[in-house]
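See below for the structure under consideration.
Nothing in this text is a laboratory measurement; each read-out follows from the coordinates by a stated rule. All figures in this text were calculated on a predicted structure; none of them were measured in a lab.
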Amino acid sequence: MQGWVKLHRKILHSEIFENEKMLKIFIYCLTKSSHKETEKRVGRQKVQLEPGQFIFGRKKAATELNMNESTVRDYLKILEEDGVITIHSTNKYSVITVDNWAIYQSNEEDSDNKGTAKEQQKDSTLPSEGPQKDTYKNDQELKEVKNAK
């Protein structure tokens with residue numbers, strides 16, 4: 001799996017950040033989650049995944065996280081109780097959904113996110129291309145302005 005995920009700075013002021021194991025498991029959930037609708041095969045069964053979901057197996061997760069299975073299970077339960085994730089289990093696997101995935105990973109620019117310093121610097125150093133031309137809402141208004149001149 002390639003790519004990146006967004007992580008807002010306000011996580012520094014959350015309960016998740018205060019517990020390093022819970023933070024590790026939360027970031028694991030973010031990075032394992034699908035970023036688009038996809039289909040995965042588990043054994044002979046195909047599983048449809050929405051953005052923010054992933055197929056979870058506790059043994060594999062414990063190995064990848066270098067933690068005991070019981071520790072992973074306990075912290076996932078806490079995240080679920082806190083409304084951060086939702087877990088739908090079957091007898092073979094679980095599908096974990098990161099609640100509010102769309103909000104966490106949206107492409108919308110937040111009002112407090114005005115672009116990187118490099119982008120801002122680039123924008124401020126570009127020369128203007130002459131005086132701004134008048135813009136008009138529609139052709140009728142343009143005709144009225146031409147007739148007035």
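Near the amide H of Asn19, under 5 Å away, which other amide H atoms are found, from residues 5 or more places off or on another chain, if H is placed in the peptide plane?
The list, which skips near neighbours in sequence, is empty: none.
Work out how much length Ile87 to Glu39 would gain on full extension: take 0.36 nm times their residue separation and subtract the Cα-Cα distance, in nm to one decimal. Let's see the in-between values first.
Values: separation 48, 0.36 × 48 = 17.28 nm, distance 1.78 nm.
Between Ile87 and Glu39, full extension yields an extra 15.5 nm.
Amide H neighbours of Ser94 under 5 Å, at least 5 residues apart or on other chains, H built in the peptide plane: list them.
The list, which skips near neighbours in sequence, is Phe56.
When a/c is below 1.5 the answer is rounded, else prolate if a/b is larger than b/c, else oblate, so apply that to segment 9-104 with a ≥ b ≥ c taken from the square roots of the Cα gyration tensor eigenvalues.
oblate
Rounded to whole Hz and in sequence order, give me ³J(HN,Hα) for segment 54-66 from the Karplus expression 6.51 cos²θ - 1.76 cosθ + 1.60, θ = phi - 60°, writing x for Gly and Pro.
8, 7, 10, x, 5, 5, 5, 4, 4, 5, 5, 8, 6
Which whole-Hz ³J(HN,Hα) couplings does segment 17-32 yield from phi under the Karplus relation 6.51 cos²θ - 1.76 cosθ + 1.60, θ = phi - 60°, glycine and proline marked x?
These are the phi-based 3J(HN,Hα) values: 5, 6, 10, 5, 6, 5, 4, 4, 5, 5, 5, 4, 4, 4, 6, 7 Hz.
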